[in-house]
Amino acid sequence: MEMDAYDDGVHWLVWCDHCICWHGHGRGPGDRGAHCHFEDSPYRANGYVLRYAGRFTKEIEQAHAAEVREAQRVYRRWVSKGGRGTWGHVWAEHLAAE
Ligand SMILES: [Zn+2]
């Protein structure tokens, strides 16, 4: 699995569509272990391969800001209901319900 990575000068940042957040890695292309927070992430088993996609800009960060807010909202609601199930399960259900 190849992933676009953006250079912020310190790390290469990868948008994880499973965790709905940025994962930071050491700079440079190639294989990485996934920094996923959830055990059911499909990236956990084999990691992914970073591919340079340019500088990390405010515009790129903003492009995902709405998803981050939505994920935080879903996550808080999930926890308030007792937090049963895995994150991947909760997020898939949320998307299916839209
Ligand atoms: Zn992840």
message = So for each of 46-58, 18-30 I average, over its residues, the number of other beta carbons within 10 Å; can you give me the resulting order with the highest mean first?
response = 18-30, 46-58
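At a threshold of 8 angstrom on Cα-Cα distance, excluding pairs fewer than six apart, so keeping six or more, what relative contact order does the chain reach in percent?
Working: 130 pairs, mean separation 26.4, N = 98.
Once normalised by length, the contact order is 27 percent.
Report the charge-dipole magnitude of region 2-97 in Debye, nearest 20, computed about the Cα centre from +1 at each Lys and Arg Cβ and -1 at each Asp and Glu Cβ. Walk me through the numbers before you get to the answer.
Numbers: 12 positive and 13 negative charges, 80 e Å.
It comes to approximately 380 debye.
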request  = Considering the convex hull of the alpha carbon atoms of the chain, report its projected area averaged over all viewing directions, in nm², one decimal.
outcome  = 6.6 nm²
key: Cα long-axis angle, helix 87-97 against the chain (0 to 90 degrees, to the nearest 10)   = 70 degrees
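Values quoted throughout were computed directly from the atomic coordinates according to the rules given, and no laboratory measurement underlies them. Because the structure is a prediction, the values reported are computed rather than measured. Ideal geometry is used to build each Cβ from the backbone, glycine not excepted, and the neighbour counts take in all protein chains shown.
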